[in-house]
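Here is the structure we will look at, set down as structure tokens.
FYI, it's all coordinate maths here, none of it is from the lab. Owing to the predicted nature of the structure, the values given are computational and were not obtained by experimental measurement. Counting neighbours? That spans all protein chains shown, and the Cβs are built from the backbone with ideal geometry, glycine included.
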Amino acid sequence: MRDHLTVALQETLQMVWVSAVLTALGGLALGVLLVLTDRGGLAPSAPVNRVLGLVVNIGRSLPFIILMIAVIPLTRALVGTTIGTAAAIVPLTIGAIPFYARLAETALREVDPGVVAAARAMGASRRQIVGKVLLREARPGLVAGMTVTVITLVGYSAMAGAIGGGGLGDLAIRYGYLRFETGTMIACVAVLIVLVQVIQMLGDLVVRRLSHK
């Protein structure tokens with residue numbers, strides 16, 4: 001059982017790690033666009049903002065288990081299979097990007113408008129304001145949001161086991177539930193709890209350090 005648990009943990013970490021990196025990139029970009037195109041933003045555009053907001057809201061509205069099934073054709077086209085760790089990364093990323101985009105948008109909106117106005121008065125370009133003002137000032141909020149997102153991805157990865165995604169969720173279903181191995185189920189739950197606690201502690205540590213800079 002220990003060997004199965006080790007392999008399952010490695011698969012879960014792989015799914016969460018890869019999807020977290022892709023989510024950070026896609027979600028942050030989407031969050032920045034939402035702020036820039038909003039009324040009063042650096043590049044206001046109501047139609048673009050409404051479309052982006054609609055996409056994000058739709059993405060956040062779909063239960064993950066339904067999303068996994070809905071994107072099966074896309075998953076097969078991208079990775080050539082619909083089962084396994086690589087296949088699970090696709091719906092994990094698609095499901096988490098809208099979630100993190102809203103958190104990133106909230107963090108960016110909390111930046112003092114006076115700082116942005118000062119940068120504009122000094123002749124800074126939009127790219128400079130985004131990179132050196134918005135993203136820099138919002139770092140604690142962005143990291144806190146990413147911490148919540150990674151923990152959400154851990155939960156999503158466990159659900160991915162329901163359709164053969166591998167990882168701790170798959171192990172808990174195949175052995176803990178279908179074979180009535182209570183010990184395996186308890187072990188999977190315990191590992192997931194520890195994993196979430198470690199992620200939260202690391203995230204809180206980074207946020208505290210960034211907040212004191």
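Of all residue pairs spaced 6 or more apart or on separate chains, those with beta-carbon atoms under 6 Å, a first member in region 33-53 that is touching a residue at least 24 places away in the same chain (Cβ under 8 Å) and a second member that is surrounded by fewer than 16 Cβ atoms within 10 Å (Cβ to Cβ) and not aromatic (Phe, Trp, Tyr) are LEU36/ALA43; LEU42/ARG126.
Just one of (1) buried (at least 17 other Cβ atoms within 10 Å of the Cβ); (2) under 15 Å from the mean Cα position of the chain (by Cα); (3) touching a residue at least 40 places away in the same chain (Cβ under 8 Å) fails for ARG60. It is (1). Take the conditions (1) in a helix (DSSP H, G or I); (2) touching a helix residue (DSSP H, G or I) at 6+ places or on another chain (Cβ under 7 Å); (3) of a type in the set (Asp, Glu); ASP3 misses just one of them, which is (2).
So that you can scan it fast, the table gives a plain yes or no per residue for (1) in a helix (DSSP H, G or I); (2) touching a helix residue (DSSP H, G or I) at 6+ places or on another chain (Cβ under 8 Å); (3) of a type in the set (A, V, I, L, M); (4) farther than 28 Å from GLY145 by Cα:
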position: MET159; (1), (2), (3), (4): yes, yes, yes, no
position: ALA162; (1), (2), (3), (4): yes, yes, yes, no
position: ASP170; (1), (2), (3), (4): yes, yes, no, no
position: TYR175; (1), (2), (3), (4): yes, yes, no, yes
position: ALA190; (1), (2), (3), (4): yes, no, yes, no
position: ILE193; (1), (2), (3), (4): yes, no, yes, no
position: GLN197; (1), (2), (3), (4): yes, no, no, no
position: MET201; (1), (2), (3), (4): yes, no, yes, no
position: ASP204; (1), (2), (3), (4): yes, yes, no, no
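Listed here are the residues, each with its yes/no results for (1) within 14 Å of ALA20 (Cα to Cα); (2) buried (at least 20 other Cβ atoms within 10 Å of the Cβ).
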position: PRO113; (1), (2): no, no
position: SER125; (1), (2): no, no
position: ARG139; (1), (2): no, no
position: TYR156; (1), (2): yes, yes
position: GLY169; (1), (2): no, yes
position: ARG174; (1), (2): no, no
position: VAL189; (1), (2): no, no
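Screening the candidates ARG60, ARG76, ARG50 for the property of being part of a helix (DSSP H, G or I), of a type in the set (Lys, Arg) and over 29 Å from GLN14 (Cα atoms) yields one hit, ARG50.
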